[in-house]
Structures are given as structure tokens and as C-alpha cells.
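Following: one structure in C-alpha cells, then a few remarks.
The values are calculated or read from the model by the stated rules, or taken from the named source; none is laboratory data. Given the structure is predicted, the values throughout are model-derived calculations rather than measurements. Every residue, glycine as well, gets a Cβ built from its backbone with ideal geometry; the counts of neighbours run over all protein chains shown. Note: areas computed on protein heavy atoms with side chains; ligands, DNA, RNA excluded. Shrake-Rupley method; radii C 1.70, N 1.55, O 1.52, S 1.80 Å.
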Amino acid sequence: MMPTSSRSRPEHRPWMLREDMISASSAFAEFMGTLLLQLFAGSTSQPMRIAAVFAALMATFARHSGGHLNPAISLAAALSGHMAWASAGFYMLAQVLGAVAGAALQVLLTPGLSFGTTFDPSCHAPAQGLGGTPLFVWEMLATFVFVYIAYPALFARPSYGSLGPLYVGLALFGVLSTGGAYTGFSPLNPALTFAGSLVFNCVWRHMWMYLLAQATGGGLAALLACGVYGLGPMYLSEAERAHYVALHGAPETGLSGGATGMLSGQQQAGAPVGEQGMPGSF
């Protein structure tokens with residue numbers, strides 16, 4: 001008997017990211033994107049530069065993984081039903097490892113810098129006299145605004161289309177240039193916060209406050225987005241899921257909803273997403 005290929009088997013769980021897709025392109029793209037984000041954005045405390053780097057990398061890697069580059073965004077994707085929890089977990093792991101690798105490259109490429117040596121751009125700390133609840137609230141609100149504005153660019157319809165990375169970059173610039181003065185210009189990114197603490201031996205005192213605030217802000221943004229844009233396909237009935245996929249594509253690699261809109265200008269008119277020669281499941 002001829003073995004049944006994976007393409008001919010019934011897709012009994014179409015909302016789970018298959019293992020080959022994780023290792024082949026999507027998670028690796030998140031790893032590389034977050035590595036570059038830490039390497040370049042982690043070398044400056046200027047909000048405009050941080051936002052510009054994130055927007056450019058998001059636009060670059062959107063084709064391969066959706067361009068999350070931030071565990072808070074992947075958490076929002078899982079909470080809202082646009083990504084399986086297993087898939088989001090692989091994304092978050094890839095993002096953290098990428099940020100740590102990027103921080104290690106900073107040490108190797110920066111004269112006079114060594115492991116365990118404080119490096120100010122990657123060692124953010126709250127403003128003098130700020131801590132505890134005020135720090136948590138500032139970081140949570142900033143992350144909430146950032147993730148909520150990023151949400152339609154990545155997951156929801158209507159999306160920002162090909163201008164998605166620009167809108168997300170402007171959101172990041174806005175919250176960093178205002179609330180950043182209180183949070184030490186934290187990048188609102190758990191992967192970068194952890195990498196800075198690990199490689200440069202800093203932020204440990206406040207790291208858990210930052211991480212908790214970032215996760216809370218991302219989670220609250222997902223809850224509000226569900227009320228505004230509706231639930232993601234993982235929470236829909238089978239008939240509703242089929243209709244969603246027909247309109248927006250499957251969420252298997254995080255490239256669903258609005259993220260496909262960012263690529264619309266790069267795809268052939270009238271051709272399905274799956275026929276554009278994209279890697280993995282695309």
C-alpha cells in the first residue's frame with residue numbers, strides 16, 4: 001500500500017502549526033528578526049531609531065512569519081484565537097533566543113564591551129523615584145497601546161494593508177517618546193528585556209515588573225481587540241472557520257488576517273496566497 005502523503009491526509013486540526021512549518025521558516029524568521037532587532041534597536045535609546053528598526057524588520061519578515069518579533073504580540077495572537085498556543089510558544093522561544101543571540105553579537109562587535117558589563121541602551125531602568133505600581137502601570141499602558149495598534153496590522157480585518165509596519169512603527173515611536181521617559185525607554189518587548197538582563201547583567205531588579213507589565217498589556221490589548229474586531233478563527237465553529245480561511249487564509253504561521261494585507265501589493269492579482277511561492281504553508 002502506498003503511504004499517504006501529508007497533503008492527502010484530512011486536516012483534522014487545521015489551526016495547529018505543523019512541526020515542519022515551525023522549523024522550516026516561521027520560527028527561524030522570528031529568531032532572525034528579533035536577533036537583528038536586538039542588535040540594532042538594542043544599541044540606541046532614541047525612540048525614533050527603535051521604532052524605525054522595528055518597522056523595517058516587521059515589513060521584511062512579515063512575508064515569512066507575520067513579523068511579530070515580540071512575545072507580547074504572539075501572546076495577543078494566541079489569546080485572540082489567531083494562533084495556536086503551541087505555535088505561539090515556539091514563536092516566543094525563537095524570539096527570546098534571537099534576542100539573546102543579538103545581545104551576544106553586540107558584545108562581540110562593540111569595542112570595550114564584555115559579557116556582564118552594563119550597556120545603557122539595553123539596560124533600561126525606571127526614572128528616578130519611580131517603581132512598583134507606577135512603573136507597572138506605565139509599562140503596561142505603553143505595551144497595551146502598542147499591541148492594540150499593531151493588532152489590525154497583523155491579524156484583523158480591515159487592516160492597514162501594506163502601510164501596516166509604518167503604523168506600528170509610529171505607534172512604537174509615540175509611546176516611547178512619551179511614556180519612555182518614565183520606563184527608561186523600555187522597548188516594550190519581553191525578549192529584549194530578558195536578553196539585556198541576561199547578557200549585560202542589568203535590569204534584574206525590575207525585570208520581572210517589566211515582563212509582567214508587558215504580558216498584561218499585550219493580554220488586555222488582545223481582549224479589547226476581540227471585542228472590536230471579533231474572535232480569531234480558533235474560537236469559531238467549523239463552518240465559520242472555513243469561511244474565515246476562504247477570506248483571509250489560515251492562521252497556521254501567524255500570517256493571517258491583517259498580515260496578509262501587508263503582502264497584497266507583492267502578490268499577483270487574483271491569485272490565492274498559497275500559490276505565490278511562499279515558504280512553508282504559504
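State the percentage of accessible surface on the stretch 29-104 attributable to carbon and sulfur atoms; use a 1.4 Å probe and exclude ligands, DNA and RNA. All intermediate terms of the calculation are to be shown ahead of the outcome.
Working: 1710 of 2190 Å².
Exposed carbon and sulfur together represent 78 percent of the surface.
Could you tell me the calculated FRET efficiency between Arg49 and Leu130, based on Cβ-Cβ distance and R0 = 30 angstrom, to the nearest 0.05? Display every interim value, and only then the final one.
On the way: r = 23 Å, r/R0 = 0.78.
FRET efficiency, Arg49 to Leu130: 0.80.
Principal axes first, then extents: for the Cα atoms of the stretch 97-252, list largest minus smallest coordinate on each axis, whole Å, largest first.
Here the spans come out as 58, 34, 26 Å, largest first.
Order Ser87, Ser162 by their accessible area, 1.4 angstrom probe, all chains in place, largest first.
Ser162, Ser87
Could you state how much accessible area His82 has, in square angstrom rounded to the nearest 10, with a 1.4 Å probe and all protein chains kept in place?
10 Å²
Given the whole protein assembly as supplied and a 1.4 Å probe, what does the accessible area of Met32 come to in Å², nearest 10?
Its accessible surface works out to 60 Å², give or take rounding.
Extent of the stretch 115-162 along each principal axis, from alpha carbon coordinates, in Å, largest to smallest?
43, 30, 12
Applying 1/(1 + (r/R0)^6) with R0 = 41 Å to the Cβ-Cβ distance of Glu238 and Ser162, what FRET efficiency is obtained, to the nearest 0.05? If you can, show how the numbers build up before the last one.
Working: r = 32 Å, r/R0 = 0.78.
My answer for the efficiency is 0.80.
If I stretch the segment between Phe115 and Ala56 completely, what's the gain in nm (0.36 nm per residue apart, minus their alpha carbon distance), one decimal?
Values: separation 59, 0.36 × 59 = 21.24 nm, distance 2.81 nm.
The span from Phe115 to Ala56 would gain 18.4 nm if fully extended.
Roughly speaking, what is the stretch gain from Ser177 to Trp85, that is 0.36 nm per residue apart minus the C-alpha to C-alpha distance, in nm to one decimal? All intermediate terms of the calculation are to be shown ahead of the outcome.
Details: separation 92, 0.36 × 92 = 33.12 nm, distance 3.25 nm.
So the chain would gain 29.9 nm between Ser177 and Trp85.
So how do 33-42, 164-173, 129-138 stack up, highest first, on mean other-Cβ count within 10 Å?
Numbers: 33-42: 25.3, 164-173: 21.7, 129-138: 14.6.
Going by the mean number of other Cβ atoms within 10 Å, highest first, we get 33-42, 164-173, 129-138.
Residue by residue through the stretch 38-44, which ³J(HN,Hα) values in whole Hz follow from phi under the Karplus form 6.51 cos²θ - 1.76 cosθ + 1.60 (θ = phi - 60°), with glycine and proline marked x?
3J(HN,Hα) across the stretch 38-44, in whole Hz: 5, 4, 9, 5, x, 9, 8.
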